[in-house]
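Every read-out reported here was derived from the displayed coordinates using simple, explicitly stated rules and does not represent laboratory data. Here the structure is a predicted model, which is why all the values come from computation and not from measurement. Positions of Cβ are generated from backbone atoms using ideal geometry, with glycine treated the same way; all protein chains shown enter the neighbour counts.
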Amino acid sequence: MTTTAPDTGTPSGILQLANAFCDAKAVLTAVELGLFTTLHDKPAGQEEIRGALGLHGRGLADWLDLLVELDLLTKKDGRYHNRPGADRYLVRGQESYIGGFIERSNRNLYPAWGRLSEALRTGESQTGSSFEAVVQNPKILGQFIHSMDAFTRVLGPQLISAYDGWSGYGSVLDVGGCRGALTAQIVKAHPHLSGKVFDLPQMEPFFDELVAEKSLADRVSFHGGDFFADPLPSADIIVLGHVLHDWDRDQRGLLVRKAYESVNPGGVLLVYDRILDRASSRSANLLVSLDMLLVTDGGSEYEVSELREHAEGAGFTDVTAQDLGEDDTLVIARKAR
């Protein structure tokens, strides 16, 4: 399928752009209802889908045909099939499933974007709850963790490939590492490394579950705490991935300084975020920065120059930046021996 940006020089193009949320909601709903999971084992007709998903039937054909036009389904002889991308990434239970973040978008981001005008007027989060409330509810916390796993499944292999210095070190710490999905990928790829994960204590049961699944309990350890209040464990490599954008400029600087204090002499800090001065992804990353407006108290995306200022001010040297995957930027900062 070939897609082109709407022509905003015409009324129809502007209307197409203004109503792009309709396409998005059709996809969010398909993941929410488990449509792609239902079609994974075998194609199905409209009536079979209606029964399997418990739907009324009105509008069903239009919704399914729209997903065909969006290149997520195909239709042959009245039966709907998953397209390869949907079958690989949107089927629950598969290792490659990225729907966790899509489910979070449907629950949290989609309603919050409906209050963008209020956020711009007040500068306040629009989710109606703090992350503290999330971590106190194991069910909601589990949903959040699965959404973070969706990112890690994509970015983990890209980070492992992009950074070529793993062999020179013995330990890696992922700060704000959730249940350890990234650390598990790194130590699997580089068996000489020991791994550490630092996150809130409520994450530990989910961490225990993952390391048991991966048979990594003897190679990866969990350290519970608050990274603003508690010291970070020491390591040769410290990773801050999709963490700094949750906080304001001063808090980002504080976290970089704490990383400097904890990284071993001669070690490195690896930071990746949807940094704003990546020209090829500026539009997409501005949207993520607005996500931060809507769901955090002070977070935003930022530019490499800000991170370089924080890193050099903390004492890091030789700060470099490179593209990571389709939209992220990886910043590498080294600590002298």
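Rounded to the nearest whole Å³, what is the per residue volume of the convex hull around the Cα atoms of the chain?
159
Full extension from E261 to D318: what is 0.36 nm times the residue separation minus their Cα-Cα distance, to one decimal in nm?
Once the chain is fully extended between E261 and D318, it gains 18.8 nm.
Give, in whole angstrom and from largest to smallest, the semi-axes √(5λ) of the equivalent ellipsoid of the range 162-229, with λ running over the eigenvalues of the Cα gyration tensor.
Those come to 20, 15, 9 Å.
Computed on alpha carbon atoms, what radius of gyration and Dmax characterise the range 11-94, expressed in Å?
For the range 11-94, the Cα-based Rg and Dmax read 13.2, 43 Å.
Please report the relative contact order for the range 11-94, taking Cα pairs under 8 Å with a sequence separation of at least 6, and give it as a percent rounded to a whole number.
33
How tilted is helix 282-295 with respect to the longest principal axis of the chain? Cα atoms for both, answer in degrees (0 to 90, nearest 10).
It works out to around 80 degrees.
Name the most mobile residue of D164, D248, D236, meaning the one with the largest mean-square fluctuation, in a Gaussian network model of the chain with Cα contacts below 10 Å.
Between D164, D248, D236, it is D164 that shows the largest mean-square fluctuation.
Please give the length that would be gained between L116 and D248 if that part of the chain were fully extended, namely 0.36 nm times their separation in residues minus their C-alpha to C-alpha distance (nm, one decimal).
Roughly 45.6 nm would be gained on extension.
With unit charges on the beta carbon (Lys/Arg positive, Asp/Glu negative), name the residue among T122, S167, L254 whose Cα is farthest towards the positive pole of the charge dipole of the chain.
Of the listed residues, the answer is S167.
With charges only on Cβ, +1 for K and R and -1 for D and E, what is the dipole size of the chain about its Cα centre, in debye, rounded to 20?
Charge dipole of the chain: 460 debye, to the nearest 20.
In nanometres, what is the gap between the two model label sites at L55 and T4, each 7 Å from Cα along Cα-to-Cβ?
Inter-label distance under the simple model: 3.1 nm.
Based on the Cβ-Cβ distance of W63 and A336, what FRET efficiency does E = 1/(1 + (r/R0)^6) give at R0 = 51 Å, to the nearest 0.05?
Rounded to the nearest 0.05, the efficiency is 0.30.
Give the percent of DSSP beta bridges with both residues in the chain that are antiparallel, rounded to the nearest 5.
Rounded to the nearest five, the antiparallel share is 50 percent.
When the helix-only estimate is applied to the chain (DSSP H runs of n ≥ 4, each -39,500 (n - 2.57), divided by the residue count), what is the mean residue ellipticity at 222 nm, nearest 500 deg cm²/dmol?
-14000 deg cm²/dmol
Taking Cα atoms, how many degrees apart are the long axis of helix 20-33 and the longest axis of the chain, rounded to 10 and kept between 0 and 90?
90
Over the range 183-337, what is the percentage of antiparallel beta bridges among all DSSP beta bridges, to the nearest 5?
50
What is the distance, in nm, between label points placed 7 Å from the Cα along the Cα-to-Cβ direction at A212 and at Q158?
The answer from the label model is 3.3 nm.
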